[in-house]
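The values are calculated or read from the model by the stated rules, or taken from the named source; none is laboratory data. Remember, predicted model here, so these are calculated numbers, not experimental data. Note: ideal-geometry Cβ built from the backbone for every residue, glycine included; neighbour counts use all protein chains shown. Only protein heavy atoms, including side chains, enter the accessible area calculation; ligands, DNA and RNA are left aside. Shrake-Rupley method; radii C 1.70, N 1.55, O 1.52, S 1.80 Å.
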Amino acid sequence: MDKKAKNILFKTYWTSQGWRREYTTPIDDLEYAKSKGVMFEPVSFSIPEIKEELNQLVTRIDKDSVVKGFLSSLTNKRLDWRSAIASYTNAKLVLEGKREFYRLNNFQYENEDVNVLNFERIKWSGVRHSDLLYNYVDLRLFERETITEPTHADIETFKAILKCVEESEEGEYPSKLRDRLKEAVKGSANERHTLMEILGCCEILKPKSYDRPTTGRHDWGFVEYWRGGDGYNRSIVDEYFGKYLK
C-alpha cells in the first residue's frame, strides 16, 4: 500500500484527538490517493445491484485466501487483510438467505463515501461487517492483494486465541474475553474487540442463546449475547482453519 496515499486517507478522517468533524481532502491529494487505489469517487447501488456485485466477488475469491489473510494478519498487522473473512462470510450468508440484511428492499445506496469505509478497514479491520456496501469495498480491495502464506507464529497465535476462548468461564461477558486475549494477541483493546466481532460474524463465536441480559452501554454487535460457556464453533473452525490446525 502506498504510504503517501494511506497518509492522505487517514488525515481526511482522523487526528491525534480522534475523528475530524468535517471531512475534506485537497484535490491534488485526493487525485494522488485515487491513482494509488486508496481513495475513490462516491458510489451508488440498489440492493439488487450490490448483491450481484457481491455474488461475483464471493465466486471469484477463494475461501482459503480470506483464511490466509486472516491468519497472516495476526503477526504482520495487516488489519485490512483480517477483515475480509468477515465480509466474505457475511456476504455469503446474506446471499444464501441465511442471514437477514437490515436494509429495506427498496433501499438505495446514493453517493456513498466509500473512503471512510476503507479508512475504517485499514485502521481497525472495519467496523461495519454487517453492511453489504462495506463487504463490497472490503472484498474488492482484498481481491487485489497478494496474500502471504501464514507463518508458524500466525498459526500458534490463532491456537492461543482459541485456547483463551476455551478457558472462558460460564457466564463471562465478551469484555472479559477481550481482556484475556491480551495473552494471545499483541495490540490495543480496540484491535481485540474487532477481532472478536470478526469471529462472531463468521459464527465462530456464536451465542447459544439470544435470550440473555446485556450490559447497559456497549458497542458489541455479533458477540453481544456470547458468553464464556458458549466456547467456539468447532465445526466452523474446522471448515475454515482445519488444514492449518492439524
* Does Leu71 satisfy being modelled with pLDDT of 95 or more, surrounded by fewer than 19 Cβ atoms within 10 Å (Cβ to Cβ) and not small (Gly, Ala, Ser)? -> no
* Asked: Across the range 127-151, what is the total count of residues that are over 22 Å from Asn111 (Cβ atoms) and among the basic types (Lys, Arg)?
  -> 1
* Asked: Of these, Val114, Val165, which one is open to solvent by less than 20 Å² (accessible area, probe 1.4 Å) and either without any contact (Cβ under 8 Å) to a residue 24 or more places away in the chain or in contact with a Gly (Cβ under 7 Å, 6 or more places away or on another chain) (or both)?
  -> Val165
* Structure fact -> Arg60 meets each of (1) of a type in the set (D, E, K, R); (2) surrounded by 14 or more Cβ atoms within 10 Å (Cβ to Cβ); (3) touching a residue at least 60 places away in the same chain (Cβ under 8 Å) with one exception, condition (2)
* **Pair list, Cβ under 8 Å, 6 or more apart: the range 221-246 residue without any contact (Cβ under 8 Å) to a residue 12 or more places away in the chain, other residue surrounded by fewer than 17 Cβ atoms within 10 Å (Cβ to Cβ)** => Asp238/Leu245
* Structure fact -> Within the range 32-57, residues surrounded by 12 or more Cβ atoms within 10 Å (Cβ to Cβ), outside any helix (DSSP H, G or I) and either under 18 Å from the mean Cα position of the chain (by Cα) or in contact (Cβ under 8 Å) with a residue 40 or more places away in the chain (or both) come out as Gly37, Val38, Met39, Phe40, Val43, Phe45, Ser46
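Within the range 110-197, considering only helices (runs of 4 or more DSSP H) that don't extend past its boundaries, which have at least 2 residues that are of a type in the set (Lys, Arg)?
Values: elements: 115-124, 132-142, 152-166, 174-180.
By residue number, 115-124, 152-166, 174-180.
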* From the residues in the range 183-192 that are surrounded by 13 or more Cβ atoms within 10 Å (Cβ to Cβ) and more than 11 Å from the chain's Cα centre (by Cα), which one is farthest from Glu120 (Cα to Cα)? -> Ala184
* Could you check Trp81 against (1) open to solvent by 70 Å² or more (accessible area, probe 1.4 Å); (2) in contact with a helix residue (DSSP H, G or I) (Cβ under 6 Å, 6 or more places away or on another chain) and say which number it fails? => (1)
* To do: Would you tally the residues in the range 138-150 being open to solvent by 10 Å² or more (accessible area, probe 1.4 Å) and either within 13 Å of the chain's Cα centre (by Cα) or touching a residue at least 60 places away in the same chain (Cβ under 8 Å) (or both)?
  => 9
* **Flag if Arg178 is more than 30 Å from Ser44 (Cβ to Cβ), under 18 Å from the mean Cα position of the chain (by Cα), open to solvent by 30 Å² or more (accessible area, probe 1.4 Å) and among the charged types (D, E, K, R)** => yes
* Please tell me if Ser65 is at pLDDT 95 or above, of a type in the set (Gly, Ala, Ser) and open to solvent by less than 10 Å² (accessible area, probe 1.4 Å). => no
